[in-house]
Amino acid sequence: MKKVRVRYAPSPTGFLHIGNARTALFDYLIAKHYDGDFVLRIEDTDLERNVEGGEESQLYYLNWLGIIPDESPEKPVEKYAPYRQMERLDIYKKYANELLEKGHAYKCYCTPEELDADYEKQKAEGHVSTRYNRRCLHLTEDEKQVFEDEDRSYSIRLQVPENKEYNFNDMVRGEIHFDSKDIGDWVIVKSNGVPTYNFAVVVDDALMEITHVFRGEEHISNTPKQLMLYEMFGWEPPRFGHMTLIVNENGKKLSKRDNSVMQYISQYKDQGYLPEAMFNFMSLLGWSPEEEAEIFTKDELIERFSEKRLSKSPSMFDVKKLTWMNHQYLKAMEDGAWLDFVKPFALNHYDMSDKEDAWIDRLLLLYKDQTQFGQEIVEHIQLFFEEPEVNDEIKEVLAWETTPVIAQAFLNHLPEIWEVDVLKEAFNAAKAESGLKGKPLFMGLRVSATHQMHGPDLMSSLYLLGRDTVEKRLKTYIEKL
């Protein structure tokens, strides 16, 4: 088998979207599984939609995810360069002229107004789908010359073969068939000289020796058009695999207008999701391993990944599962690495300029097992920097007749030396004095001192809050009774 070469070809129209990231990931995994090359090509011919910095953004977030191209505009191989379509216009012109010379394509001088009028006429006549009427295919030489003398602009259309069937074995869906009679003569080069997607992508894939093409199922209808070109040029087409939709938790197609799910990789990075977790999670969106496990390293995924286990069913983007998976990766980190990752989120939100590094580290590590993603640490440590909101649930505990008993008992034994071990001794003394145990004991003290229903180790929390804060909260609570 010849060397596997797989490409990811985004348009520089904005940030890296979940769907595109999944495509890039599958491209990368199949390339690495077969010891092949993962190629990044930029499809920048849609000039109106291109945004400044779009290409850099795509590359940055791919690298962040660990999807590293072997070839790209930044890492070109002379044999295949250039890697931006707008730098390949001379190449497309050459192959468009070849099709014209062979009679597979022709110049179309129809104006947009003429085309629109004909399509409206077809609709009025009851045609379900409209197609080009081939007017310019049948122009006489004299008629063509008139248009040339007028210097009328033209596009180039492919002459679709008649009564021909196009078949391909999709890596995901199996055998797929198309009839040429359902496809009208389509434009391969627009009047401004820029190639259309289906023409440029075939020329690029062929010249770059791409062997496998993974893309979304919306591209299935493009495949017969591309197969026409491969046949006309005498090129061997790649293997195609059209991945199923990614849907939200309601089973609806994941759309960029869907506000129920964060849509861009940048958003997950900003929220403190780990690239390893994102890589792992997205690999399971349309592919499944043979074993039941869900947590895999990159190397394990590369070893296991196979086009034979791609799913035919839509994949749900389960944010809860992603968050769970990210939590597993965070908990597995060494304390030092975990602090390096989480601390910036805390420092960016709270002013800790008056706190010692040891206090900050101790505070953050108190929540290591609870923190599911980086930004969540901000909510966890809120009570140490802001007065917590006293909600109805907390008010209920404060109203228990046992709560002021443990609050006063702990105040009676409040130690001068503020260390966790000493606080434990004070708690045991308060327990003996109050005669309480169980929920009234522990919940009563936690709520009256921290104004929270749940949290990490209570004595560690009291230590980090500091003696003054604990004493003030307990006294204020008792005085209001």
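Between residue 349 and residue 222, 0.36 nm times their residue separation minus their Cα-Cα distance comes to what? If you can, show how the numbers build up before the last one.
Details: separation 127, 0.36 × 127 = 45.72 nm, distance 4.84 nm.
40.9 nm is the gain from fully extending residue 349 to residue 222.
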Note on the chain: contact order normalised by length, alpha-carbon pairs under 8 Å, 6 or more apart, percent, works out to 12
Measuring from its Cα centre, the chain shows a charge dipole (+1 at each Lys and Arg Cβ, -1 at each Asp and Glu Cβ) which, in debye to the nearest 20, is 920
Given backbone amide H placed at 1.01 Å from N, residues whose amide H is under 5 Å from that of residue 189, ignoring those fewer than 5 places away on the same chain, are 156, 196
Rounded to one decimal in Å, the inverse mean reciprocal Cα-Cα distance for the stretch 182-260, i.e. its Kirkwood radius, is 14.6
Computed ³J(HN,Hα) along the stretch 366-383: with the Karplus parameters 6.51/-1.76/1.60, θ = phi - 60°, integer Hz and x for glycine or proline, the list is 4, 10, 4, 6, 9, 7, 8, 8, x, 5, 5, 4, 4, 5, 4, 9, 4, 5
The distance between the Cα centres of the stretch 289-328 and the stretch 157-191, in whole Å, is 34
Taking the chain and a Cβ-Cβ threshold of 4.7 Å, the cysteines left without a partner are 110
So the FRET efficiency between residue 159 and residue 370, C-beta based with R0 = 60 Å and rounded to 0.05, is 0.40
Looking only at lysines whose Cα falls under 30 Å of residue 424's and that sit 8 or more positions away or on another chain, we get 331, 343, 355, 368, 395, 437, 439, 472, 475, 480
For the stretch 223-271 the trypsin sites (Lys or Arg not before Pro) that pass both the DSSP coil test and the at-most-13 other-Cβ-within-10 Å test are 252, 256, 257
In whole percent, the fraction of accessible protein surface over the chain that belongs to carbon or sulfur atoms, probe radius 1.4 Å, stands at 47
Residue-ordered couplings for the stretch 142-148, obtained by feeding phi - 60° into the Karplus form 6.51 cos²θ - 1.76 cosθ + 1.60 and rounding to whole Hz (Gly and Pro as x), are 5, 5, 4, 5, 4, 5, 5
Heavy-atom accessible area per residue of the chain, all protein chains kept, 1.4 Å probe, expressed in Å², is 50
Once normalised by the length of the stretch 209-259, the mean sequence separation of its alpha carbon contacts under 8 Å that are 6 or more apart gives a contact order in percent of 43
Counting only DSSP beta bridges fully inside the chain, the antiparallel percentage to nearest 5 is 55
Rounded to one decimal in nm, the spacing of the 7 Å Cα→Cβ label points at residue 391 and residue 124 is 6.4
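Relative to the present Cα-Cα distance, how much length would full extension add between residue 194 and residue 56 at 0.36 nm per residue of separation? The partial results should precede the final answer.
Values: separation 138, 0.36 × 138 = 49.68 nm, distance 2.28 nm.
Contour length minus Cα-Cα distance gives 47.4 nm.
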Looking only at lysines whose Cα falls under 28 Å of residue 252's and that sit 8 or more positions away or on another chain, we get 269, 308, 312, 320, 321
Reduced to Cα centres, the span from the stretch 75-95 to the stretch 413-430 in Å works out to 73
Given a Förster distance of 45 Å, the FRET efficiency implied by the Cβ-Cβ spacing of residue 114 and residue 295, rounded to the nearest 0.05, works out to 0.15
Loop-resident GluC sites (Glu not before Pro) in the stretch 251-336 with no more than 10 other Cβ atoms inside 10 Å, DSSP not H/G/I/E/B, are 290, 291, 292, 334
Along the dipole axis of the chain (charges at Cβ: +1 for Lys and Arg, -1 for Asp and Glu; origin at the Cα centre), the most positive-end residue among 104, 469, 337 is 104
In this structure, the FRET efficiency calculated for residue 418 and residue 382 from their beta-carbon separation, with R0 = 25 Å, to the nearest 0.05, is 0.70
So, relative contact order of the stretch 363-459 in percent, Cα under 8 Å, 6 or more apart, is 33
Low-density loop chymotrypsin sites (Phe, Trp or Tyr not before Pro), the stretch 118-173, at most 16 other Cβ within 10 Å, DSSP non-H/G/I/E/B, are none
Karplus-derived 3J(HN,Hα) from phi for the stretch 234-239 (6.51 cos²θ - 1.76 cosθ + 1.60, θ = phi - 60°), whole Hz, x at Gly and Pro, runs x, 9, 7, x, x, 7
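The values are calculated or read from the model by the stated rules, or taken from the named source; none is laboratory data. It should be emphasised that the depicted structure is a prediction, and the values quoted were computed from it without experimental measurement. Here Cβ is always computed from backbone atoms with ideal geometry, including for glycine, and neighbour counts include all displayed protein chains. Accessible surface areas use protein heavy atoms only, side chains included; no ligands, DNA or RNA. Shrake-Rupley method; radii C 1.70, N 1.55, O 1.52, S 1.80 Å.
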